[in-house]
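Scroll down for the structure; my scribbles are underneath it.
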Amino acid sequence: MLVVSTSPRTTTRAPEEKPVVSPLKVEFQFDFGSPNAYLAELALPAIERRTGVKFEYVPVLLGGIYKATNNMSPAESLRGIKNKPEYQALETQRFIRRHNITKFRQNPFFPVNTLMLMRGAIAAQFEGVFEPYFRAAYHHMWEEPKKMDDLEVFRSAFVSSGIDIEKLIARAQQDDVKKRLIELTTDAVNRGAFGSPTFFVGNEMFFGKDQLRDVEESIVEQTSQVISKTA
C-alpha cells in the first residue's frame, strides 16, 4: 500500500485526554530513473508488515539533486574504475536473490530523463491516482523497459496500463505541480539527500537499497522509544 503525504502529520486531543502520539514518519524518496530505487521499493511491503509503519512515497527529481549536490550517476562516477562496477553488479544480484525479485530488467535506454515521469507523479498525487501511476511507471521503466523520455512512447505506455495519461500530462504542466516537485527536491537536498533512493526515519537519513536493514532497525528502535515515553 502506498501512503502519500502532502502535509505534515498533526495531533489533536480533547480536554482531559492524554496527547495522541503521531505515528513515526518514514519516507521513501524516489526517482523512477533509479534502478536501485525500484529494487528497494519491492522490499518495503515486508518491512511495513514486520514493523507496522507505512512509508510515505516522496517524488524527487534526481537530476535536480545531482545538480544541487555536484553529484553524478554511478554509471558516470564508476566509468574507468577497475573491479568496482563488477562488484556493485554482484551486490545487486545478491539483493535480487535475497528479496526474490523476478521482474527486474535493465533498461537499454538508460539513463532516461525523468522530468515528465516525476511531474506526472506529482500530478497523479494531486489527482488521487498515484498508486496506479506509480506501478505503471515502474513497470515500463524496469519490468518491460522503454524509452520513457520519448513523449509518444510515454503516452502509449501509460495508455496500455489504463492510465488517463492525457489528463495527467495536462495537469503536470500546471505551475503548482512544477513548484511542488521543486519544493520536494530542494527539501530533500536541504535535509542531506544526494541521490535516490533516500529514506528518512524520523530525522535519520539512510541512502541506498543496501541500507534497508538499518532502516528497519531504526524504525523498530524509534517506535520503541515513542512507546516507552508514552507508557
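The values are calculated or read from the model by the stated rules, or taken from the named source; none is laboratory data. Computed from a predicted model, the values in this text were never measured in an experiment. Because the Cβ atoms are built from the backbone with ideal geometry, glycine has one as well, and the counts that use them run over all protein chains shown. The accessibility values were calculated without ligands, DNA or RNA, using every heavy atom of the protein model including side chains. Shrake-Rupley method; radii C 1.70, N 1.55, O 1.52, S 1.80 Å.
Quick notes
For (1) under 19 Å from Ala136 (Cβ atoms); (2) buried (at least 17 other Cβ atoms within 10 Å of the Cβ); (3) small (Gly, Ala, Ser), each residue gets a yes or a no:
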{"position": "Lys67", "(1), (2), (3)": "no, no, no"}
{"position": "Pro74", "(1), (2), (3)": "no, no, no"}
{"position": "Thr102", "(1), (2), (3)": "yes, no, no"}
{"position": "Met116", "(1), (2), (3)": "yes, yes, no"}
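- Top-ranked residue of region 38-61 - restricted to ones that are in a loop (DSSP other than H, G, I, E, B), within 28 Å of Ala172 (Cβ to Cβ) and not aliphatic (A, V, I, L, M), ranked as most open to solvent (accessible area, probe 1.4 Å): Lys54
- Residue in region 203-217 that is farther than 20 Å from Leu44 by Cβ, among the hydrophobic types (A, V, I, L, M, F, W, C) and within 20 Å of the chain's Cα centre (by Cα) present: no
- All positions within region 76-98 that are open to solvent by 90 Å² or more (accessible area, probe 1.4 Å) and over 22 Å from the mean Cα position of the chain (by Cα): Arg79, Lys82, Asn83, Lys84, Glu86, Tyr87
- Which listed residue is closer than 20 Å to Leu44 by Cα, open to solvent by less than 90 Å² (accessible area, probe 1.4 Å) and either of a type in the set (S, T, N, Q) or in contact (Cβ under 8 Å) with a residue 40 or more places away in the chain (or both), from Phe134, Phe126, Phe110: Phe134
- Across region 26-44, a minimum of one residue is classified as of a type in the set (Val, Ile, Thr) and under 16 Å from Lys209 (Cα atoms).
- Count of residues meeting criterion [over 23 Å from Ala40 (Cα atoms) and among the small types (Gly, Ala, Ser)] in region 137-156: 1
- Region 148-164 residues that are closer than 19 Å to Gly33 by Cβ, paired with ones that are open to solvent by 70 Å² or more (accessible area, probe 1.4 Å) and assigned to a loop (DSSP other than H, G, I, E, B) (beta carbon under 6 Å, 6 or more apart): Asp149/Asn113; Val153/Lys147
To keep it simple, each residue is scored yes or no on (1) touching a Lys or Arg at 6+ places or on another chain (Cβ under 7 Å); (2) assigned to a helix (DSSP H, G or I).
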| position | (1), (2) |
| --- | --- |
| Gly63 | no, yes |
| Ala68 | no, yes |
| Met72 | no, no |
| Glu76 | no, yes |
| Arg79 | no, no |
| Lys82 | no, no |
| Tyr87 | no, yes |
| Thr92 | no, yes |
| Phe95 | yes, yes |
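Residue by residue, here is whether (1) over 23 Å from Glu56 (Cα atoms); (2) open to solvent by less than 30 Å² (accessible area, probe 1.4 Å); (3) at pLDDT below 95 holds:
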site: Tyr138; (1), (2), (3): no, yes, no
site: Asp149; (1), (2), (3): yes, no, no
site: Gly162; (1), (2), (3): yes, no, no
site: Lys167; (1), (2), (3): yes, no, no
site: Gln173; (1), (2), (3): yes, no, no
site: Thr185; (1), (2), (3): no, yes, no
site: Phe206; (1), (2), (3): no, no, no
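- Per the conditions (1) open to solvent by 10 Å² or more (accessible area, probe 1.4 Å); (2) touching a residue at least 60 places away in the same chain (Cβ under 8 Å); (3) closer than 24 Å to Pro23 by Cα; (4) in a loop (DSSP other than H, G, I, E, B), the sole criterion not satisfied by Gln222 is (4).
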